[in-house]
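The values are calculated or read from the model by the stated rules, or taken from the named source; none is laboratory data. Bear in mind the structure is a predicted one, so any value in this text is a computation, not a measurement. All Cβ positions, glycine included, derive from the backbone under ideal geometry; neighbour counts span all protein chains shown.
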Amino acid sequence: MAYILANNNILKATEANLTPFLLTTPDMHKHSIWFGFGGIPLLDENLDILENEFKQLGHNIPDLFKNRRELFRLIKRMLNKNRFYRTGLITFQFFIAEEKIDYLITCKAFEDFNFQANEQGLLINISDSNLLSFSQNNNSRFAKATFWKLVGAEMNDKANQAAIILNEKQAVCEGISANLFMIKEHVLYTPSLQTGCYSDVIRPEIIRLASKLKMNVVETEVIEVKHLLEMDEIFFASETKGIQWVLGFENRRYVHNYTDQIYSGLNRFLENKVEDQK
């Protein structure tokens, strides 16, 4: 990445002076968004989330983020100057001081042409750390970042493995910065928001696509670990990590028939969203 966007200005990363940001900043808010198909399909949905989070923090979002057309134009220009023409992540970093909010917008490119997905499949473990079900009003990436970092540390020495997080009632909730979906026959199960689970911008689209495939959708608070062994398919989904198919849990192995169909539908949805932005 050669260029960044700092306070409305596109600068060479090697020439940007970030010292004023870092010396006066007691807090940092970080948020990433996927780009691909020549656009930023979920920009508006993410900006809605950011505006709400800033209100909860007692701050107004910087003016540029209120002018969504101009923000889109500048980000696209930054991506083009970096020659990032496929897919990747755009990351907003807000440096919040008492009287001023500075921000950086950076980007990272992937080699993929479509929304990211794993082919090998993950093996899952149950995290030792539990979240609280009454935290559903604080279920954004920003609110959960520290907790997910703690859970991720548990997985550091376990190759190709992911964590499923339970709440204090021992109900299945989520993965690390990802929603969890399970399929049994023609039914899609996912933890309800009442479990305290994270709600990614991709979540409602997964539910919509499953319904389009004539699947029944069940959002529930009572999925237990034992139910994982009864499922035919399991996958995680999030904007920043894509579709992560699960290969197995304990001695159970899973297929990915509906998962693949949902993934294909998701790519069509994102591509159409980009067309609508033009």
Among the residues of the stretch 249-267, which ones are touching a residue at least 60 places away in the same chain (Cβ under 8 Å), closer than 17 Å to Ala163 by Cα and in a loop (DSSP other than H, G, I, E, B)?
-> Tyr254
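With Ile75, Ile61 as the choices, which residue is surrounded by 18 or more Cβ atoms within 10 Å (Cβ to Cβ) and either within 19 Å of the chain's Cα centre (by Cα) or part of a helix (DSSP H, G or I) (or both)?
Numbers: Ile61 fails: either within 19 Å of the chain's Cα centre (by Cα) or part of a helix (DSSP H, G or I) (or both).
On inspection, the qualifying residue turns out to be Ile75.
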Any residue in the stretch 41-64 that's touching a residue at least 60 places away in the same chain (Cβ under 8 Å): show its pairings with residues that are of a type in the set (S, T, N, Q) at Cβ separation under 7 Å, as long as the two are six or more apart or on different chains.
-> Ile49/Ser140; Glu53/Ser140
Qualifying position, being under 22 Å from Glu250 (Cβ atoms), at pLDDT 95 or above and of a type outside the set (S, T, N, Q), among Lys158, Lys108, Lys184 = Lys184
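Quick one: in the stretch 78-134, of everything that is in a loop (DSSP other than H, G, I, E, B) and of a type in the set (A, V, I, L, M), which residue is farthest from Gly38 (Cα to Cα)? If you could, list the steps in order and put the result at the bottom.
Our first condition is that a residue be in a loop (DSSP other than H, G, I, E, B); within the stretch 78-134, this holds for 82-86, 97-100, 111-116, 118-121, 127-130, 132.
Those still in the list that are of a type in the set (A, V, I, L, M) too: 97, 132.
On the way: Ala97: 35, Leu132: 39 Å.
In this case the residue turns out to be Leu132.
Within the stretch 32-57, take every residue that is assigned to a strand (DSSP E or B) and in contact with a helix residue (DSSP H, G or I) (Cβ under 6 Å, 6 or more places away or on another chain) and give me the one that is farthest from Arg77 (Cα to Cα). Before you say what the answer is, go through the steps one by one.
Going residue by residue through the stretch 32-57, those that are assigned to a strand (DSSP E or B) are 32-36, 39.
Imposing the further condition that a residue be in contact with a helix residue (DSSP H, G or I) (Cβ under 6 Å, 6 or more places away or on another chain) reduces the set to 33, 39.
Working: Ile33: 16, Gly39: 11 Å.
Per the criteria, the residue is Ile33.
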Could you identify the single residue in Ile126, Ile101 that is outside the structural domain of Pro41 (by TED's automatic domain parsing) and either touching a residue at least 12 places away in the same chain (Cβ under 8 Å) or at negative phi (or both)?
-> Ile126
Does any residue of the stretch 240-248 turn out to be in a loop (DSSP other than H, G, I, E, B) and under 20 Å from the mean Cα position of the chain (by Cα)?
-> yes
In this structure, does Val222 turn out to be in contact (Cβ under 8 Å) with a residue 24 or more places away in the chain, aliphatic (A, V, I, L, M), outside any strand (DSSP E or B) and within 29 Å of Ala145 (Cβ to Cβ)?
-> yes
Ala210 is checked against (1) buried (at least 22 other Cβ atoms within 10 Å of the Cβ); (2) of a type in the set (A, V, I, L, M); (3) within 17 Å of Leu122 (Cβ to Cβ) and fails just one. What number does that condition carry?
-> (3)
